[in-house]
Amino acid sequence: MSVRLTLKRVPALRVDLRGVAPAALQGLSTARIERLTVTHGMQTLALAEFFAVARDDADEAADELVFEGELARFDRIGWQLTDGRIVVEGSAGDYVGACMSGGEVHVRGSAGLLAACEMAGGKLRIDGDVGDYAASSLPGSMDGMRGGTLIVRGAAGDRFADRMRRGTAVVFDDVGDFLASRLVAGTIAIGGRAGAHIGYGMRRGSVVFVGAAPGVAPTFVPALGDASVAWQLLARDLASHGGPFAGLPARRIRRHLGDLSSDGKGELIAVL
Amino acid sequence: MTTPAPPNTPAGAAARASTSERPGTRPVSEARILNGVVIDDTFAEAFPMKATRILITAHNLTWARHAAVSATGFATSVIACGCEAGIEAEIGPDDTPDGRPGYSVLFFSMSGKELAKQIERRVGQCVLTCPTTAVFAGFPRTGNERAEGEVIGLGRNLRFFGDGWQISKVINGVRYWRIPVMDGEFVAQETTTLTKAVGGGNLLILATDTDAALLLAEAAVRAMRRLPNVVMPFPGGVVRSGSKVGSKYAALRASTNAAFCPGLYGLTADSEITPDVHCVLEIVIDGLTEADVGAAMLAGMRACIEIGADGGLRRISAGNYGGKLGPYLFHLHRLLDMQGGES
């Protein structure tokens, strides 16, 4: 069963869409779906206030939930998603894919702040840009993204992958300042340029720069040892994302290790 | 190639022979004769084992081979080696996870626990130590290995050699360990998968002399090595000390296969030797499935039969332990029939 929610009007305040997920809509009639409640600022309103609901019960219909319209004021799309597929035919608000542990979210436009924060599994694709703190932690939490795959085909804001612990986060274009700050582990790949303070306080993990060579802080040291096996494993996986990452296995690398102010076992990999 | 032996050839004489005519020899009246070679109406008896496949890659094939040979050394028989192992095949750069050449290696043991111990020791001492190598699990991923309880450590415990400098890397759902070593880093996949397997398939090659027996055994092993999923764990794939189950000495689980020792012809009541046989060599085959072992035995038989009586081959037999060893029975005649080996 697939459900299509078409935006009727842009809300005046921010709308929290947590709980509107494919699994929650399974077996519900159109009327029941319309009566589901969401918060709009301090109000609790029916979903039908914002969306026209259409169901497709055809056997061949994919088990997915489609949002149609510009949803930049709709937050927490795909919040704690465990399975199923969500497609946003436009932009999404903050916290898209946050805390998801399975399934897939595909945003055809851009996304706001904190996309994929504390994501633990599944796949989040954003065709446009993401705001600050993507793949990072919820405010006050110690660990950021800890699994799954985040693919941003546009640019990303500041503090991308702050405190990230596991998983793969890929940005096709540029990223802002403090990329991979306090990174615990995981894999990050950047197709464009990165801002200032790359890897500030990173402990472990790999950050791959396919585009411009990164500015490396003095708390990183050049790596002299050969790491070609790990690079081939990583490069072959990243190459599957295409775009600037295609052909990575054939390219050589130069690595820096750090941040020595923290654990010092992270690596910045510049692709030559 | 597979015409019956004329009565004046040794094989033809063997075919006519019976226990009553020649005390101490087995009846061969039901034997089949192909290219002058008697194929005994008997079966090889094999037993269930646990197995795993690992891929060893290196900067070039030379170093991958050093590691593979070393890791599969002293792994001829579970009787005293803990496991049986061998190089299965050479793997090209296009078929390895890291794009480097390598070898696939099969390990077999009687239990998953023992196999886990052997893998850790052998990879730790022979692969980790070998310049430029990396090690990966060799079976395709099913995604459900942990639920099936069929996973053992590969780099899981070896990582502690890194003394805290080891790094875990999860790539596409697979965890690898990167252990700093003096030539760079040793990369090992965290786990490898076990599978049920079959050990102890065998062929006995009864020849006129040592030269002929070696030539025949080498040809058989070459033919078997072209097949996937099998290894011949003994030196060069060949064993001259075929054994029987049990011994007159209580402490021994196995002892020399007296029935096939030419030196005991006429001395033992159950000798399988005929006067024209002066050298017997055995090929032991471990495989991932019953079909794999059977296919390897057939390939070996065909290679030997092609050389035939003119090459000094008199008989092909198999280690039949009367059902004491294991549940898998590989009947030589049936193998030949199933694969159209009879003409």
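Any read-out appearing in this document is the output of simple, stated calculations on the displayed coordinates, not a laboratory observation. This structure is a prediction, so every number in the text was calculated from the model and none was measured. Please note: Cβ atoms are built from the backbone with ideal geometry, for glycine as well, and neighbour counts cover all protein chains shown.
Computed values, structure above
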| quantity | calculated |
| --- | --- |
| Entries of B:248/B:324; B:50/B:248; B:117/B:169; A:123/B:50; A:265/B:196 with Cα pairs more than 28 Å apart | B:50/B:248; A:123/B:50; A:265/B:196 |
| Extreme residue, positive dipole direction of segment B:151-290, given options B:173, B:237, B:261 (C-beta unit charges) | B:173 |
| Rounded Å value of the spacing that divides the Cα centres of segment A:103-124 and segment B:59-122 | 42 |
| Shape call, segment B:61-163: gyration tensor on alpha carbons, a/c limit 1.5 | rounded |
| Among B:253, B:159, B:178, residue whose mean-square fluctuation peaks in a GNM of chain B (springs only between Cα atoms under 10 Å) | B:253 |
| Likely footprinting exposure, B:170, B:239, A:10, A:210, fewest C-beta neighbours within 10 Å first | A:10, B:170, B:239, A:210 |
| Which of B:304, B:130, A:99 has the fewest Cβ neighbours within 10 Å, and the rest in rising order | A:99, B:130, B:304 |
| Contour excess over end-to-end distance, with Cα ends at residue A:28 and residue A:10 and 0.36 nm allotted per residue | 4.0 nm |
| In nm, spacing of pseudo-spin labels at residue B:289 and residue B:125 (7 Å Cα→C-beta vector) | 3.5 |
| Net charge, residue B:255 excluded, C-beta distance under 15 Å - Lys, Arg +1, Asp, Glu -1 | +3 |
| Length gained when the stretch residue A:43-residue A:101 is fully extended (0.36 nm per residue, less Cα-Cα span) | 18.0 nm |
| Top of B:251, B:213, B:71 by mean-square fluctuation, Gaussian network on chain B, Cα under 10 Å | B:251 |
| Alpha-carbon centroid distance for the pair segment A:193-261 / segment B:244-298, whole angstrom | 59 |
| Sites residue B:256 and residue B:90 - FRET efficiency at Förster radius 35 Å, r taken between beta-carbons, to 0.05 | 0.50 |
| Exposure proxy ranking, count of Cβ atoms within 10 Å, fewest first, for B:247, B:104, B:70 | B:247, B:70, B:104 |
| Those residues of segment B:246-276 whose amide nitrogen sits under 14 Å from the label point placed on residue B:324, 7 Å along Cα→Cβ | B:246-260, B:270 |
| Nearest-ten-degree value, helix B:112-122 long axis tilted from longest Cα axis of chain B | 70 |
| Residue B:241/residue A:219 FRET efficiency (R0 60 Å; Cβ-Cβ; nearest 0.05) | 0.45 |
| Label-point gap, in nm, between residue B:174 and residue B:268 - each point 7 angstrom along Cα→Cβ | 4.7 |
| C-alpha long axis of helix A:228-239 to longest principal axis of chain A, angle in ° | 30 |
| Distance-filtered residues of segment B:283-308 - backbone nitrogen under 16 Å, label point 7 angstrom along residue B:226 Cα→Cβ | B:295-308 |
| Spin-label model distance (nm) - residue B:114 vs residue B:79, 7 Å beyond Cα toward Cβ | 1.3 |
| Radius 11 Å from Cβ of residue A:4, net charge of other residues (Lys, Arg +1; Asp, Glu -1) | -3 |
| Distance between segment B:193-216 and segment A:126-151 - C-alpha centres, whole angstrom | 59 |
